[in-house]
Amino acid sequence: MHHPTERLITMRSFRSLAALGAVAALALAGCSGGGSDQSGSAASGSAESGAAGDTVTLRVGASPSPHAKILQYVQDNLAAAEGLNLDIVEYTDYVQPNVALESGDLDANFFQTVPYLENYEKEKGGSFVAGEGIHLEPLGLFSSKIKDLADFPASGGKIGIISDQTNQARALALLAENGFVKLPASGDANVNTVEKLKDFEFVEVDGPQLVRALDDVDLAAINGNFAQEGGLSLSKDALKVESATDNPSVNILVWNKDASGDTLAAIEKLEKLLHSDGVRTFIEQTWSDGSVIPAF
């Protein structure tokens, strides 16, 4: 797959995605093993000398699933041939991976969507570069109490919704498509700016806790990764699923704009591998229920 020249994200629009430059100038060979958890101590972007050449270790932050699983597939099957070793650091929140990337504790991260990254940089600063879309995790409406949206309580119902602003707006768009709310004509959509079209209460919950909260609400809008981590299937359990057509909420590899030299060349190689036929097949076979869909 060919990619456009990478460029710095301005956080103003989706067109600021960057992709691969030519990486043929640096030929990397050799391999070393294994990822790590958050206590790993591999040096960021370090080149390890070997008899057959240099292996570059990249410390990459990721959500446990599907991001870390995809990276582990790359590590186990593709990285060595490109002279890469991935030190995979798992995070369960949506803030620390960008903080660690900006501080230099990570060389790259893989956990976020384009809108989330844009909003993060708008609110907290930082200058990052992003690759092209790797996969989409469709958002679904789930319930442990009703089997059809028509059975939602006429009054006094509760809808669980993610607390982080970017994903909340995405969830509200799905709820709007299904007649629960009307989005504002202008400005950001959140639980305080939408018009409710039914008599219900919003219950804001951290994303990883939404599946556990199902018994306390009548309906919940849950991101695909949190749903599958909680044992739910979009194809079997969701009452409605977000459309993947022209969806901007694709997940991306992100790195610091100051990355250079061997580290930048290695990041570019990882970006290429994440868009390989092998990764596409791995995603399709591992998440055959449609909870994770290739975006390339």
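What follows is calculated from the coordinates using simple rules that are stated; it is not laboratory data. These figures come from a predicted structure and were not determined experimentally. Methodologically, a virtual Cβ is constructed for each residue, glycine included, from the backbone with ideal geometry; neighbour enumeration extends over all protein chains shown.
Here are the numbers for this structure:
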quantity: Estimated inter-spin distance, A244 and D289, nm [label 7 Å along Cα→Cβ]; calculated: 1.6
quantity: Region 85-169: radius of gyration over Cα atoms, expressed as a fraction of 2.2 N^0.38 Å; calculated: 1.46
quantity: Share of Cα-Cα pairs in region 181-250 lying beyond 21 Å, as whole percent; calculated: 36
quantity: Shape category assigned to region 155-197 from the gyration tensor of Cα positions, a/c cut at 1.5; calculated: oblate
quantity: Among 196-203, 64-71, 220-227, 271-278, the order from most to least packed when residues are scored by Cβ within 10 Å on average; calculated: 220-227, 64-71, 271-278, 196-203
quantity: Positive minus negative residues near F200 (Lys, Arg vs Asp, Glu; Cβ under 12 Å); calculated: 0
quantity: Compactness index (Cα Rg / 2.2 N^0.38 Å), region 187-296; calculated: 1.38
quantity: Shape of region 140-241, Cα gyration tensor, a/c cut at 1.5; calculated: oblate
quantity: Net +/- balance of residues flanking T286 in space, Cβ distance below 14 Å, scoring K and R +1, D and E -1; calculated: -3
quantity: Spacing of the two label points (7 Å from each Cα toward its C-beta) at L197 and K182, in nm; calculated: 0.9
quantity: Length released on extending from D206 to S260, taking residue separation times 0.36 nm less the Cα-Cα span; calculated: 15.9 nm
quantity: Percent of beta bridges antiparallel (DSSP, region 140-241, rounded to nearest 5); calculated: 45
quantity: Extended-chain gain in nm, criterion 0.36 nm per residue less alpha-carbon gap, D151 and K124; calculated: 5.6 nm
quantity: Cα pair distances in region 255-296, grouped into 10 Å bins until the bin that holds the longest one, percent each; calculated: 27, 36, 26, 10, 0
